[in-house]
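Below is one structure, written out as structure tokens; comments come after it.
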Amino acid sequence: MNTINTSKQPIALLLTSLWLLLVVVQPVWARQYTGHEFHDNRLTLQTDDGIILLSFLNEASLEVVFERPGLTPAPSYSIAHRGNPPGIKLKDRPTQLRFSSGALTAEIQKSPLQIRYYQGDRLLLSEADGFFQNPEARGIRFQLKPGEKLLGGGERSLAMDRRGYRLPLYNAPHGEYTTHSEQMNYSLPAVLSSSKYLLLFDNPARGWMDLGKTVADILSFEAVGGRLAYLVVTGDSYPEIIGNYVDVTGRQPMPSRWSLGYIASRFGYHSEQEARDTIAKFAEENFPVDAIIFDLYWFGKDIKGHMGNLEWDRDAFPEPEKMMADFAAEGVNTILITEPFILTGSKKWDEAVASKALATDDEGKPFSFPEFYFGETGIVDVFDEKARQWFWSIYNGLMQQGVAGWWCDLAEPEMHPAGAMHVAGSADEVHNAYGHEWARMLYENQVADFPDKRPFILIRSGFAGSQRYGIFPWTGDVKRAWGGLKPQVAQTLQMGLMGLAYTHSDLGGFAGDRLDTDLYIRWLQYGVFQPIYRPHGIEPIAPEPVFHEDRVKEILRPWIELRYRLMPYNYTLAHINSTTGMPLMRPLFFSDENNVALMDDARTYFWGDAFLVSPITDPAVGQVRLDLPDGAWFDFWNDQRYEGGRQHTLDMDLEHIPVLVRAGAFIPMVDQVRNAASYSSRQLTLHYYHDGSVAEASGQMYEDDGETFQAFEQGKYERLGFSASNSKSGLRIQLLRTVGEAGYTGMPESRRMKLVIHNADAPAALMLGDQTVTLTQEPGEPEQATTAVYSPETRQLTLVFDWDHRPLALSIR
């Protein structure tokens with residue numbers, strides 16, 4: 001039995017309160033302006049205790065750095081691009097300076113020194129008492145407005161609005177979490193405000209973010225060490241703010257097409273034969289699959305004692321090279337788990353020590369710690385170039401064997417004792433940048449050594465800006481429970497707002513030995529409309545649907561097939577993200593930015609521009625009430641029309657969740673394929689959701705070969721453009737193709753098109769280009785036939801025709 005000495009509790013609470021008062025509440029002295037310099041669009045403020053550097057990184061993003069004697073300068077891990085926007089101006093007035101790009105203005109009060117930020121005449125944000133440093137912490141404080149909502153902070157199982165919380169800034173796992181967790185694998189020292197600014201405290205050290213918890217109108221960031229710097233970003237809309245932010249911190253590279261398909265994963269496949277049998281089972285059950293992930297059994301037969309071997313266990317996997325080649329021939333990619341821990345008893349310990357690849361103690365000797373769950377271990381110093389090259393040499397060898405992607409596990413790091421020293425600082429000073437630097441090491445070396453392959457990096461921890469290294473974060477070891485499913489939408493939305501658009505969950509839940517079939521179905525249904533489709537969990541429950549009962553397979557097979565049929569649409573979302581930062585999953589408040597209450601909604605979201613999705617996260621749900629955004633909406637399953645701007649009740653069964661399509665949406669789809677290797681858009685189905693309320697509409701589809709690194713930047717792509725105009729004379733739909741400078745291997749010379757117009761009236765006349773099209777009873781199958789069929793029951797007009805990619809117009813009267 002545990003006992004508690006309650007007599008000591010008041011003392012502990014008092015000490016905690018005093019610490020909070022010291023760090024959060026106690027104001028610093030009134031810092032005074034003593035002078036300034038303005039050079040190369042950079043403003044340097046001299047004060048009585050240091051200097052403050054202000055630099056515009058683009059016209060809507062401003063970096064602010066505080067330097068003082070005794071404060072060692074530290075690098076920024078988050079900033080990828082330092083632009084030099086034109087038109088930066090400084091106005092010097094007796095009591096203030098105004099430093100402005102036009103889009104963003106810093107107003108600096110000279111005495112006492114205080115900085116306020118404006119977009120035009122609108123106050124965005126103001127410092128409370130500026131930068132501070134004391135023996136316990138260093139940081140920055142800002143003033144909050146009444147009613148201001150704060151999103152951000154990274155992965156937390158909390159409501160969307162995080163105001164009122166004091167949250168740790170320390171990446172740490174929370175196993176079997178459900179509906180409440182204030183500390184998880186991926187913390188971010190950043191917020192997005194309802195006042196339309198994004199604020200990043202650019203420091204990866206252990207710390208806290210206090211969002212009006214200790215003092216209701218004060219936002220503070222605190223850290224035990226590291227740099228004193230922050231970034232203010234604004235824009236005219238939330239997507240524009242995100243775009244300005246990723247312009248500075250880096251955009252997510254375009255993923256391989258296969259990474260958007262089904263990824264088979266479990267903890268774990270114990271042998272080569274088990275893996276082969278699993279992939280064969282997918283084929284036998286007619287389920288598509290694009291990749292298989294090997295958890296830690298690939299390098300050892302037991303959970304403990306083998307981490308750091310980083311080579312195949314040839315007893316369990318006698319021919320891994322042949323196995324991976326056979327998988328690749330079937331279009332299945334191999335992904336391996338790795339960890340940054342090298343056990344002292346592993347095959348690589350002596351080599352790691354000799355290569356000086358490990359973090360050290362304060363005497364420069366390899367730092368090891370026996371309390372690690374998997375065995376006594378050291379940790380790779382991913383901040384050290386020597387260590388990175390040693391670590392990469394192992395990855396390089398495995399990629400030459402046939403590995404296509406990487407799972408970087410325990411990247412918080414899961415255990416990171418304060419006594420461990422890295423070349424960049426102590427464990428506590430660099431902790432939250434560890435996963436970031438690990439991903440950078442993998443990404444940059446793979447791009448250099450395997451330039452034709454797009455990196456695949458599955459990782460659960462990182463820092464601001466890690467998206468530029470092509471990472472796919474997941475939301476940790478969630479419990480197999482309805483409470484585990486409930487927070488997943490909010491977590492992915494929150495991360496997407498900070499540029500991390502591929503955040504996703506272990507579909508079906510990770511931890512727990514009780515199978516709830518309905519929960520499993522609902523989770524995998526939701527997964528079709530999340531960025532990465534990867535069921536994963538511990539044994540004995542199978543994460544793969546192919547091992548479940550027939551009823552489950554029959555329900556889920558069409559859903560997973562839908563994921564593949566939507567590949568052109570989803571791949572286009574990935575392209576849009578890689579060029580603008582726009583997340584694939586988008587919050588409801590994007591539809592009405594003046595309705596601040598929508599920022600609290602994490603039950604319903606947009607999948608791209610076309611879809612509205614509302615996952616079912618409770619058992620035995622027969623009806624769902626939805627508050628639809630303005631405009632007309634159509635039920636994806638039956639084409640029923642709903643008027644937006646009001647609440648509707650939809651009947652539900654276990655086979656469906658609410659999925660609606662926006663009027664005016666174009667959705668490109670393909671026929672079912674086994675995996676991305678057999679993907680082709682030569683036969684393309686284009687759905688258009690027509691409505692009389694939509695006068696003009698447009699859409700696009702991006703295509704490349706699905707694998708070439710930076711295909712878009714090299715001009716190796718094509719883009720299909722779709723537009724619709726509706727008037728009294730009828731509906732006109734236009735198709736247009738543009739091709740990059742180089743095109744790409746396998747690019748279709750022409751396409752067999754099936755255009756499906758939903759909610760259509762019976763046409764009086766049809767013109768395709770200069771050709772009159774007559775209605776027939778059945779769609780044409782001959783290659784050269786142009787046919788049109790109208791169904792009064794479904795109110796769908798279907799046209800089948802060949803398109804040679806010259807501009808083409810369809811007129812419906």
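The values are calculated or read from the model by the stated rules, or taken from the named source; none is laboratory data. The model shown is predicted, which means the values in this text are computed figures rather than measured ones. A quick note on method: Cβ atoms are made from the backbone with ideal geometry, for glycine too, and the neighbour counts reach across all protein chains shown. All accessible areas refer to the heavy atoms of the entire protein, side chains included, with ligands and DNA or RNA removed. Shrake-Rupley method; radii C 1.70, N 1.55, O 1.52, S 1.80 Å.
In the stretch 288-305, the condition of being among the charged types (D, E, K, R), more than 23 Å from R460 (Cα to Cα) and touching a Pro at 6+ places or on another chain (Cβ under 7 Å) is met by no residue. Within the stretch 637-666, the only residue that satisfies the criterion of being in contact with a strand residue (DSSP E or B) (Cβ under 6 Å, 6 or more places away or on another chain), at positive phi and either of a type in the set (A, V, I, L, M, F, W, C) or exposed (fewer than 15 other Cβ atoms within 10 Å of the Cβ) (or both) is D639.
Within the stretch 333-351, residues that are in contact (Cβ under 8 Å) with a residue 40 or more places away in the chain and under 15 Å from I459 (Cα atoms) have Cβ atoms under 7 Å from residues that are charged (D, E, K, R) and part of a loop (DSSP other than H, G, I, E, B) in these pairs: I337/D295; I337/D409; E339/D409, counting only partners at least 6 apart in sequence or on another chain. Residue under question is R625, and the condition is that it be open to solvent by 50 Å² or more (accessible area, probe 1.4 Å) and under 14 Å from D609 (Cβ atoms); does it hold? So R625 does not fit the description; no.
Can you confirm whether V246 is closer than 26 Å to G83 by Cβ and crowded, with 24+ Cβ neighbours inside 10 Å?
Values: closer than 26 Å to G83 by Cβ: yes; crowded, with 24+ Cβ neighbours inside 10 Å: yes.
Considered against the rule, which asks whether it is closer than 26 Å to G83 by Cβ and crowded, with 24+ Cβ neighbours inside 10 Å, V246 comes out as yes.
Residues in the stretch 358-383 that are within 20 Å of F299 (Cα to Cα) and not in a strand (DSSP E or B): F372, Y373, F374, G375, E376.
Okay, residues lined up against (1) open to solvent by less than 40 Å² (accessible area, probe 1.4 Å); (2) of a type in the set (F, W, Y); (3) part of a helix (DSSP H, G or I):
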{"position": "A275", "(1), (2), (3)": "yes, no, yes"}
{"position": "K304", "(1), (2), (3)": "no, no, no"}
{"position": "D313", "(1), (2), (3)": "yes, no, no"}
{"position": "A316", "(1), (2), (3)": "yes, no, no"}
{"position": "F327", "(1), (2), (3)": "yes, yes, yes"}
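The single condition from (1) touching an Asp or Glu at 6+ places or on another chain (Cβ under 7 Å); (2) under 19 Å from G402 (Cβ atoms); (3) of a type outside the set (G, A, S) that Y238 fails is (2).
When we screen A159, A190 for residues that are touching a helix residue (DSSP H, G or I) at 6+ places or on another chain (Cβ under 9 Å), modelled with pLDDT of 95 or more, farther than 21 Å from L71 by Cβ and surrounded by fewer than 22 Cβ atoms within 10 Å (Cβ to Cβ), the only hit is A159.
Count of the stretch 788-813 residues, restricted to those that are touching a residue at least 24 places away in the same chain (Cβ under 8 Å) and surrounded by 14 or more Cβ atoms within 10 Å (Cβ to Cβ), is 17. Does R674 satisfy the criteria of being open to solvent by 60 Å² or more (accessible area, probe 1.4 Å), over 20 Å from F801 (Cα atoms) and of a type outside the set (V, I, T)? Here the answer is yes, as R674 does meet what is asked.
Residue-level check: of (1) in a strand (DSSP E or B); (2) surrounded by 15 or more Cβ atoms within 10 Å (Cβ to Cβ), K716 misses just (1).
Just a yes or no: is a residue in the stretch 697-705 touching a residue at least 24 places away in the same chain (Cβ under 8 Å), more than 30 Å from R813 (Cβ to Cβ), in contact with an Asp or Glu (Cβ under 9 Å, 6 or more places away or on another chain) and in a strand (DSSP E or B)? Quick ask: steps written out before the conclusion?
Filtering the stretch 697-705 down to residues touching a residue at least 24 places away in the same chain (Cβ under 8 Å) leaves 697-705.
Keeping just the survivors that are more than 30 Å from R813 (Cβ to Cβ) gives 702-705.
This time we only want the ones that are in contact with an Asp or Glu (Cβ under 9 Å, 6 or more places away or on another chain), so: 702-704.
Imposing the further condition that a residue be in a strand (DSSP E or B) reduces the set to 702-703.
Yes: one or more hits.
Screening K348 with (1) of a type in the set (K, R); (2) out of contact with any strand residue (DSSP E or B) (no Cβ under 6 Å at 6 or more places or on another chain); (3) surrounded by 18 or more Cβ atoms within 10 Å (Cβ to Cβ) gives one miss only, at (2).
A quick yes/no check of all residues on (1) in contact with a strand residue (DSSP E or B) (Cβ under 7 Å, 6 or more places away or on another chain); (2) without any contact (Cβ under 8 Å) to a residue 12 or more places away in the chain; (3) closer than 30 Å to V248 by Cβ; (4) of a type in the set (D, E, K, R):
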residue: G470; (1), (2), (3), (4): yes, no, yes, no
residue: V478; (1), (2), (3), (4): yes, no, no, no
residue: M498; (1), (2), (3), (4): yes, no, yes, no
residue: L524; (1), (2), (3), (4): yes, no, no, no
residue: V528; (1), (2), (3), (4): no, no, no, no
residue: P535; (1), (2), (3), (4): yes, no, no, no
residue: P543; (1), (2), (3), (4): yes, no, no, no
residue: F547; (1), (2), (3), (4): no, no, no, no
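Scan the stretch 441-477 residue by residue and report those that are part of a helix (DSSP H, G or I) and in contact with a Ser or Thr (Cβ under 8 Å, 6 or more places away or on another chain). Across the stretch 441-477, the qualifying residues are Q467, R468.
Looking at R806, R719, R813, R795, which is the one that is among the basic types (K, R) and closer than 30 Å to P455 by Cβ?
Numbers: R806 fails: closer than 30 Å to P455 by Cβ; R813 fails: closer than 30 Å to P455 by Cβ; R795 fails: closer than 30 Å to P455 by Cβ.
The unique qualifying residue is R719.
When each of T745, T738, T772 is tested for being free of Cβ contacts under 8 Å to residues at least 12 places away in the same chain and open to solvent by 50 Å² or more (accessible area, probe 1.4 Å), the lone residue that passes is T772. Of all residues in the stretch 105-124, those satisfying the criterion of being closer than 19 Å to F142 by Cβ, within 36 Å of the chain's Cα centre (by Cα) and open to solvent by 30 Å² or more (accessible area, probe 1.4 Å) are Q114, R116, Y118, Q119, R122, L123.
For the stretch 663-674, the set of residues classified as in contact with a Pro (Cβ under 8 Å, 6 or more places away or on another chain) and within 27 Å of Y605 (Cα to Cα) consists of P668, M669, V670, Q672, listed by residue number.
Restrict the check to the stretch 754-762 and report whether at least one residue is of a type in the set (K, R) and either in a strand (DSSP E or B) or open to solvent by less than 20 Å² (accessible area, probe 1.4 Å) (or both). Checking the stretch 754-762: at least one residue is of a type in the set (K, R) and either in a strand (DSSP E or B) or open to solvent by less than 20 Å² (accessible area, probe 1.4 Å) (or both).
Every listed requirement among (1) closer than 18 Å to W392 by Cβ; (2) in contact with a helix residue (DSSP H, G or I) (Cβ under 8 Å, 6 or more places away or on another chain); (3) open to solvent by 20 Å² or more (accessible area, probe 1.4 Å) is met by A354 save one, (2). Would you mention how many residues in the stretch 136-157 are under 25 Å from the mean Cα position of the chain (by Cα) and either assigned to a strand (DSSP E or B) or more than 9 Å from S194 (Cβ to Cβ) (or both)? Counting residues in the stretch 136-157 that are under 25 Å from the mean Cα position of the chain (by Cα) and either assigned to a strand (DSSP E or B) or more than 9 Å from S194 (Cβ to Cβ) (or both) gives 8. The residue list F611, F634 contains one member that is modelled with pLDDT of 95 or more, farther than 24 Å from A597 by Cβ and surrounded by 18 or more Cβ atoms within 10 Å (Cβ to Cβ), which is F634.
Return the only residue of G83, G102, G130 being in contact (Cβ under 8 Å) with a residue 24 or more places away in the chain, surrounded by 13 or more Cβ atoms within 10 Å (Cβ to Cβ) and part of a strand (DSSP E or B).
Values: G83 fails: part of a strand (DSSP E or B); G102 fails: part of a strand (DSSP E or B).
After applying the criteria, what remains is G130.
Hey, could you check the stretch 277-302 for residues that are within 30 Å of R565 (Cβ to Cβ) and of a type in the set (G, A, S) and say which is surrounded by the most Cβ atoms within 10 Å (Cβ to Cβ)? Selected residue: A291.
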